[in-house]
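Step one of this worksheet: look at the structure below.
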Amino acid sequence: MTEPAPVAPVDGTGTTPDEVGWRRLPGRMLLVGPATALLRLAPALVVLVLFGAGSGNSTQVWIAGAAVVVAVAVGVVRWRTTRYRITDERVELHSGLLNRQRRSVPRDRIRTVDLTAPLLHRLVGLSVVKVGSGQSGSDAGLDLDAVMTDEAERLRRELLARPAPARGPAAAADGTGADRAGVDRAGLDGNGVDGNGAAGHGAVGPADPVGPAGEELDRIDWSSLRFAPLTVSSLAAIGALAGAGWNVLNETGLDPRSLPGADAVAGELSAAPVWATVLVAVGLLLLVMVAGSIVLFVERWWDYRLSREPDGTLRVRRGLLTKRSLSVSEQRLRGVTVSEPLLVRALGGGAQAGALTVGLAGEDKDSGGGALGPPVRRAHAHAVAATAARATGPVTDGPLRAHPARARTRRLVRAVGPALVPAAALGVLAWFDAAVWPVVVGVALVMLAVPLALDRYRALGHRLDERYLVARHGSLLRTTTALRRDGVIGWRVRQSLFQRRAGVLTLEATTAAGGGAVQVLDLNPADAVALMTAVTPDAVAPFRA
């Protein structure tokens, strides 16, 4: 394939007068690329320099210096060989010297444009542009790391300011046209504007201030900090950071017991009872986890604001070190969700609102998916979801239709059954070891499984109103999803062997948004038929006949 010759830039951004010509990344990338690579290698480089200087062996110091030179050289090659261009039909990216890559995304398949500005990029006025197509694999999109911040914002507007895709089978498959049931899922009129007056496409842009015409819907309430230690993601991140720190200590040969006062503390703990030592260790661990989760929460949700923009998007701005702004097009909004993790729900009475929108499934997980805000009070989360859906009343809140008693029996069997296996093993251990504690642990497991199963049954429910199909399920992560009726593109009915014996089934309303389907678990077959008939009568009629 013959490559087009690069076009000489006219300014520091590498932008050419010909908008369909090839553009280079700015020269400032030569600072960011090597610096980012060296930061990732910093622990290993520090170990090499310290051990080399301490032992008088200059080989390790030379290795560290060579790593720095290689990082700079790779950055220069990457800048020299990376080009991109935007035509009326496609966005193309060419990169690589030995391993050349050619990425191309049709413009009518672009679903998101994610602009992020990590700390190093912000220091030199750069942003990372991620063009997403809402697909997975090789068709997922392409990344421009990095371009000038002003140029990045211009690219975002250029890529998203395009005519709405033509309706047809291809459009119906990704949520931009009519659904398979013959319903206009986007609710668009002839001018490409939805029933709420929303237009445009989903995007992610830099965290700039809310415009004068933007309507602010929500902002950070620091009382939400109490939910930070209760989220699994924060605890997992703290564990990962602790593991990385421990590896650095091992690589550098530092022994925490050699710190000043460590011997005195170790002596006090060794002289104390075992239960006291365990309590101190658990207390320190909890203190570190709580403090770390709070720091991560502040970094993630600093300066959070939710607003409705004049271009028909719901925009979420957040971030302290890395600024991020997620825009969800109301034209592509198919519903809203409210998630209630067990600890957040039980200990803090909180929940988190999210958007069910076309094009965000499988996108950057660091962006928080379709989250509309941080964990907040449960009532406030339901209110945010209703506001995002432009509903005059509750959408994800309110009474739901209970599922049959056979669903409760299934929950009890599925929870107690697995708990009996370790309980039986502990009983055998107690028989041979003549100990009491295995019996206590086994009984406790079974007793905990019963309330868990009952809680899972209480969470089951569904409701069908004029605009939304609402379904709720889960205990460890209770999720309430309100899917617009015109967002349903099909149905999937599943019935396992045990469900057939119980006379229930699982109904899935398939959609082009979110995870691709909304589940209604353990439903009566008659209720499932009634739901499908009410939402998509024309599509279900042949099967009923």
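Scaling the Cα radius of gyration of segment 433-545 by the globular reference 2.2 N^0.38 Å produces a ratio of 1.40. Val416 contributes about 30 Å² of solvent-accessible surface, heavy atoms of the protein only, 1.4 Å probe.
When the charge dipole of segment 265-361 is built from unit charges on Cβ atoms (+1 for Lys and Arg, -1 for Asp and Glu) and taken about the Cα centre, the candidate among Val338, Ala276, Ser327 whose Cα reaches farthest toward its positive end is Ser327. How many percent of the accessible area of segment 358-498 is carbon or sulfur, using a 1.4 Å probe? For segment 358-498, the apolar C and S fraction of the accessible surface comes to 65 percent. Ignoring solvent entirely, what values of log10 I(q)/I(0) come out of the Debye formula for segment 373-477 at 0.11, 0.22 Å⁻¹ when each Cα is a single scatterer? Debye curve over Cα of segment 373-477, log10 I(q)/I(0) at q = 0.11, 0.22 Å⁻¹: -0.54, -1.09. Charging the Cβ of each Asp and Glu at -1 and of each Lys and Arg at +1, and nothing else, the dipole of segment 446-502 about its Cα centre rounds to 180 debye. Rounded to the nearest whole Hz, the Karplus-based 3J(HN,Hα) values (6.51 cos²θ - 1.76 cosθ + 1.60, θ = phi - 60°) of segment 370-382 follow the sequence x, 4, 8, x, x, x, 9, 4, 4, 4, 5, 4, 5, with x at glycine and proline.
Within the accessible area of segment 285-338, the carbon and sulfur atoms contribute 73%, probe 1.4 Å, all protein chains present. Think of a 1.4 Å ball rolled over the protein heavy atoms: segment 480-531 then has 39 Å² of accessible area per residue. Packing-based ranking of 375-382, 110-117, 400-407 yields 110-117, 375-382, 400-407, ordered from highest to lowest mean Cβ neighbour count within 10 Å. Please work out the FRET efficiency for the pair Leu98 and Leu119, using the Cβ-Cβ distance as r and a Förster radius of 45 Å; give the result to the nearest 0.05. Computed FRET efficiency for Leu98 and Leu119: 0.90. Here the 3J(HN,Hα) profile of segment 214-221, calculated from phi with Karplus coefficients 6.51, -1.76 and 1.60 at θ = phi - 60°, is x, 9, 6, 9, 7, 8, 5, 10 Hz, Gly and Pro shown as x. Solvent-accessible surface (1.4 Å probe) assigned to Asp311 amounts to roughly 80 Å².
Based on protein heavy atoms only, segment 296-344 ends up with 28 Å² per residue of surface accessible to a 1.4 Å probe. A 1.4 Å probe, protein heavy atoms only, puts the accessible area of Asp150 near 130 Å².
The values are calculated or read from the model by the stated rules, or taken from the named source; none is laboratory data. Remember, it's a predicted structure, so these values are computed and weren't measured experimentally. We place every Cβ from the backbone using ideal geometry, glycine too, and count neighbours over all the protein chains shown. We work out accessible area using only protein heavy atoms, side chains counted, and drop any ligands, DNA or RNA first. Shrake-Rupley method; radii C 1.70, N 1.55, O 1.52, S 1.80 Å.
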